[in-house]
Amino acid sequence: EWLEGSIALGRRRAFALEAPGHDLWRNDAPLDRSPATDGVHSAELFANEARTVVGAADGERPLYLYYAAQTPHAHFVDGTPQRHVAAARRMGFDGGDARSDVAALVAALDEQVGAVFEAFEARKRPLVFWFLGDNGPEAGTGASAF
């Protein structure tokens, strides 16, 4: 069972490639789709919702947030935002190939996790921040580390 204030991305599917958009839920109810959310990478919506949950939480009670970012697994559909392309270039990836695309996604993940972390820091409460990752892109995408 999801904890109070938790969010779940894609109880049906994590990212519907055949229908770009988001599948973002709060507890047992889907969040509305709108022109403001369509065309926005689902991971960015997920990070924004996590910040909203943290900001709205009772500051006197402990808060547990399970934030499972799928950013490196869900490629940008409508083109990579230029700020992430620039960050990938600073990491030594000059663009135009799958590994550069994944580097831009990692830059996006860094931005998203940083924003969620800052929301927790703003609570000015003791914090345990545990960051886990997996092996990144899937084999066969041209960006795999294999």
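Quick rundown of the values:
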item: Solvent accessible area, Å² - Arg125, 1.4 Å probe, full protein context; result: 80 Å²
item: Length added when fully stretched, Asp58-Arg90, from 0.36 nm per residue minus Cα-Cα; result: 7.6 nm
item: Prolate/oblate/rounded label for region 39-78 (Cα gyration tensor, a/c 1.5); result: oblate
item: Inter-label distance for Leu65 and Ser34, nm, one decimal - labels placed 7 Å from Cα along Cα-to-Cβ; result: 2.0 nm
item: Extension gain (nm, one decimal) between Asn27 and Trp130, 0.36 nm per residue minus Cα-Cα; result: 34.9 nm
item: Low-density loop cleavage sites - chymotrypsin sites (Phe, Trp or Tyr not before Pro) in region 78-133, where at most 11 other Cβ are within 10 Å (DSSP); result: Phe129, Trp130, Phe131
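The values are calculated or read from the model by the stated rules, or taken from the named source; none is laboratory data. Everything numeric in this text was worked out from a predicted model, so none of it was measured. Cβ: placed from backbone, ideal geometry, glycine included. Neighbour counts: every protein chain shown. These accessible areas exclude ligands, DNA and RNA; they are computed on the full protein's heavy atoms, side chains included. Shrake-Rupley method; radii C 1.70, N 1.55, O 1.52, S 1.80 Å.
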